[in-house]
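Data block below; observations after.
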Amino acid sequence: MEAMLSAHADLSWMLAAFVFVLLMFPGLALYYGGMVGSRNVLNMMTMVLATLGITCVIYVLYGYGMVSGPSVGGWGIIGNPADYIGLGKYLSDDGSGGIQVLYIAAWFILFAAITVAIVASGAAGRMKFSAWLVFVPIWLTLVYFPVAHWIFAADGDGYQGGFLLNDIKVHDFAGGTAVHMNSGVAALALAMVLGARRRRAERPHNVPLALLGGGILWFGWFGFNGSCAGGSNFVTQFVILNTLLAGGAGMLGFAVIERLREGHVTSLGMMTGVIAGLVGITPSANTMTPVGALGVGLAASAVVAVFLSMKSKFKVDDTLDAFVVHGIGGIVGTLCIVLFASGSAPAGVTGILLGGGFDVVWRELAGIVITCTFSFVMTWLIAKALDKTIGLRVDEETEVVGLDSTIHAETAYEIPAAGVGHASGLSEAMLARMPAGAPGEKAPTA
């Protein structure tokens, strides 16, 4: 009876955590949508949300086996989907009252979808929506599924899991490699293939919207990290506390850097610091004491702030900074494990500054190098192939007018008539391209 009650408690927490993570999609849509120009906000949000629909389909068809199935040939490279196609063999209750394959599949769907949604940072305001719908399933299949298998698939009875987890023994609690480094580096590669926006200097059009989205992401992160403990237990409590602390420290760390560098503190900068701190604690949540979690948040946000201050010097237009915030932030979080992980934390990993051996150094560095190299090369090849075949980028006029009205035939806000406000900068030809009856149509003349 006690075991049954424990199983029900674990399942109850995991179902609640699932809802937390699901809310990260509208959160990311609002966060990204608020940071782009007003003519591309709906396109950005639609790109983020579309990833969830696509991932639901392909994960059930074959993705679950590629991530969680036994490695093909025992090499630890990619899982075998044969026993998991359509999940048809797992529709019966095993009577345990606990977590079963169907829930794990749903949980992994959200992790996969949020990863590719982050990649949209490198495409904001200039990528064809149709090309994005083709890019997403290809990238998931060729990039995310292999990397997720490497780090999430544990060895089982008589079969081999992923090589990063089981052979190299990389420590990554909740996805610093498969989610954050993977998506950040992929966003960089996609941005390089697409080229910079023609209106690169465009500022965030709605900071309160971005702050709301960032706050929802922070809320969802408690489910993201907390669910990786596998149930309702001490480790769950431990990593939830560390997630809170790293986010708060990240906020303050970015604010201090911004104040010293710019002479003022911005609300968007503080939220960027929160996200950087959360990214940093994702791989290290069960390796840090509470004080260590504060250090991770401060370190990740400080490094991200420094890199963002140099953004104008680079020609690559990763519009919403996924490479710096997620890619660099994920690397910093992993390096924090190397430096000051505490053996008294649940993972039992000790960093070199606290007396640990150098064994942890090469393992974590191998995870960083292998993940980042594979993700960049594969994403660049996928983007180049699609650009040569179907084309990735919209034409100049569509980009200048905005993707909301030209691709989706809608606008996020009412655009004033010609000669007033934002619309005054549009040419007659551009106004004529707007859908009939759309806000922003030329006012009739007497």
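Short-range pairs are left out: with C-alpha atoms under 8 Å and at least six residues apart, the relative contact order of the chain is 20 percent. Our coupling estimate for region 68-84, obtained by passing each phi through the Karplus curve with A = 6.51, B = -1.76, C = 1.60 and θ = phi - 60°, is 9, x, x, 5, 5, x, x, 8, x, 9, 8, x, 8, x, 3, 7, 10 Hz, Gly and Pro reported as x. Mean residue ellipticity at 222 nm, helices only, the chain: -19000 deg cm²/dmol; runs of at least 4 DSSP H residues each add -39,500 (n - 2.57), and the sum is divided by the number of residues. Ordered by the number of other Cβ atoms lying within 10 Å of each residue's own Cβ, fewest first, Leu298, Leu102 fall into the sequence Leu102, Leu298.
Of Lys313/Lys384; Lys315/Lys388; Lys315/Lys384; Lys128/Lys169; Lys89/Lys128, which sit over 29 Å apart, Cα to Cα?
Values: Lys313/Lys384 24 Å; Lys315/Lys388 22 Å; Lys315/Lys384 18 Å; Lys128/Lys169 40 Å; Lys89/Lys128 38 Å.
Checking Cα-Cα distances, Lys128/Lys169; Lys89/Lys128 exceed 29 Å.
For Arg393, the residues whose amide H sits under 5 Å from its own are Lys128, ignoring neighbours fewer than 5 places away on the same chain, with H placed 1.01 Å from N. Along its three principal directions, the equivalent ellipsoid of region 146-251 from the Cα gyration tensor extends over semi-axes of 32, 23, 10 Å, largest first. Remark: spin-label model distance Asn233-Ala196 equals 5.0 nm, labels positioned 7 Å along the Cα→Cβ axis.
What the Cβ-Cβ distance of Tyr159 and Ser130 gives, at R0 = 51 Å and to the nearest 0.05, is a FRET efficiency of 0.85. For Glu396 and Asp93, the difference between the fully extended length at 0.36 nm per residue and the C-alpha to C-alpha distance is 103.6 nm.
Mean-square fluctuations from a GNM of the chain, with a 10 angstrom spring cutoff on Cα atoms, peak among Ser38, Ser92, Ser121 at Ser92.
Per the Debye calculation on region 59-153 with a single equal scatterer at every Cα and no solvent contribution, log₁₀ I(q)/I(0) for q = 0.14, 0.15, 0.20 Å⁻¹ amounts to -0.57, -0.64, -0.98. Helices assigned as whole DSSP H runs in the chain whose Cα atoms extend at least 24 Å along their own long axis and whose mean Kyte-Doolittle hydropathy is -0.5 or higher are found at 2-22, 41-58, 101-119, 207-226, 234-262, 267-284, 290-309, 359-389.
Neighbour counts of other C-beta atoms within 10 Å: give me His171, His149, His326 arranged from fewest to most.
Numbers: His171 23, His149 27, His326 30.
Starting with the residue having the fewest Cβ neighbours, the order is His171, His149, His326.
Ratio to report: Rg/Rh of region 237-348, with Cα atoms as the point set and Rh obtained by the Kirkwood method; give two decimals. List each step's numbers first, then the result.
Working: Rg = 13.7 Å, Rh = 13.6 Å.
We get a ratio of 1.00 for region 237-348.
By the Stokes-Einstein formula, at 1.002 mPa s and 20 °C, region 345-393 with its Kirkwood radius over alpha-carbon pairs has D equal to 156 µm²/s. Computed 3J(HN,Hα) for region 154-165, one whole-Hz value per residue from the Karplus formula 6.51 cos²θ - 1.76 cosθ + 1.60 where θ = phi - 60°, is 7, 4, x, 5, x, 9, 9, x, x, 6, 5, 6, glycine and proline marked x. In the elastic network of the chain, a GNM with C-alpha springs shorter than 10 Å, the most mobile of Gly73, Gly391, Gly327 is Gly73. Taking label positions 7 Å along the Cα-Cβ direction at both Met310 and Leu61, the computed distance is 4.2 nm, reported to one decimal.
State the Kirkwood hydrodynamic radius of region 2-389 in Å, one decimal place, computed from all pairs of distinct Cα atoms. Evaluated over region 2-389, this radius sits at 20.8 Å. Every Cα-Cα pair of region 13-126 was included, and the share exceeding 22 Å stands at 45 percent. The ranking of Ile118, Ile407 from fewest to most other beta carbons within 10 Å of each one's beta carbon is Ile407, Ile118. Couplings 3J(HN,Hα) of region 396-412, computed from phi: 4, 5, 4, 5, 6, 5, x, 7, 4, 7, 7, 9, 9, 6, 7, 10, 6 Hz, in residue order, whole Hz [Karplus 6.51 cos²θ - 1.76 cosθ + 1.60, θ = phi - 60°; x for Gly and Pro].
Annotation for Val101 and Leu353: the two label points, set 7 Å from Cα along the Cα-Cβ direction, are 4.5 nm apart.
Just so you know, all these numbers are worked out from the coordinates, no wet-lab data involved. Values in this document were obtained by computation on a predicted structure and should not be read as measured data. Note that each Cβ is placed from the backbone with ideal geometry, even for glycine, and that neighbours are counted across all protein chains shown.
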